[in-house]
Amino acid sequence: MAIEIARVQPEAVANFYRANEREGLRALYDFSVIWHEQVYDFAAIDAGGVTTGAAKIRVAASVAQVERIVVAAAHRRTGIGRRLLDAAADAASYYNCHKMSAFVPHHSTAQRFFEACDYREEAILPQHTFKLDVAVLRKFLL
C-alpha cells in the first residue's frame, strides 16, 4: 500500500485526532487515560477597560502549562504578572492539577520572574528553542 506524507492545515486532521487520540494516549501511557484538556485565558483590565496583561494556560492530565503571560511594558513590576499567575493557579487547582509548569529561556529575566512567584527549576533543555537553553520551571499546587 502506497502512503503519501503531506503537510496539511490543522483542520485537515482534526477529525482524525478526535477519532484516534484516546487510543494513542492509551498506547503512549500504557493505561487507559481519561484526558481532559482545556485552555484558559486571563486578563488584567484597568478601570478604563484597557487590558494591561494577559495569561494563557493549558490544563491536561492534572498538569497546567503556562503557555503565555504578557504584561504591557508600562505596567510591569506592579504585581499584575503575579496576580495573573495566581488566577491561573486557582483555575488549575480547581481542576486538580498537582503542578503548573512553564518553559522559559535559562538564566533569563522570565526565569527570575517565575522563581519570584515560587516556581522552581525542574530541568534544563539544552539548545531547545532558538538554540537557547530552556529552563523547565514548576510550582506544586497541591
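Computed from the coordinates by the stated procedures, all read-outs in this text should not be read as laboratory data. Being a predicted model, the structure only gives us computed values, none of them experimental. Virtual Cβ from ideal backbone geometry, glycine too; neighbours counted across all protein chains shown.
Straight-distance candidates among the lysines for linking to residue 99, with alpha-carbon spacing under 22 Å and chain neighbours fewer than 8 residues away dropped: 56, 139. Pairs of Cα atoms in the range 36-140 fall into 5 Å distance bins, from 0 up to the last occupied one, in shares of 3, 13, 22, 23, 19, 14, 5, 1, 0 percent.
How much mean residue ellipticity at 222 nm does the chain get from its helices, if each DSSP H run of length 4 or more adds -39500 (n - 2.57) and you divide by all residues, to the nearest 500 deg cm²/dmol?
-10000 deg cm²/dmol
Among 80, 124, 57, a tally of other beta-carbon atoms within 10 Å of each Cβ gives an order, fewest to most, of 124, 80, 57.
Peptides 6-17, 94-105, 40-51, 111-122, ordered by how many other C-beta atoms sit within 10 Å of their residues on average, highest first, read 94-105, 111-122, 40-51, 6-17.
Please build a GNM for the chain, connecting alpha carbons under 10 Å apart, and tell me which residue among 28, 125, 85 fluctuates the most. Looking only at 28, 125, 85, the biggest GNM fluctuation is shown by 28.
Modelled spin-label separation between residue 47 and residue 75, with each label point placed 7 Å from Cα along the Cα-to-Cβ direction: 1.4 nm. The value of relative contact order for the chain, using C-alpha pairs under 8 Å at least six residues apart, is 16 percent. Taking the Cα centre of the range 36-140 as reference, the dipole from Cβ charges on Lys and Arg (+1) and Asp and Glu (-1) amounts to some 180 debye.
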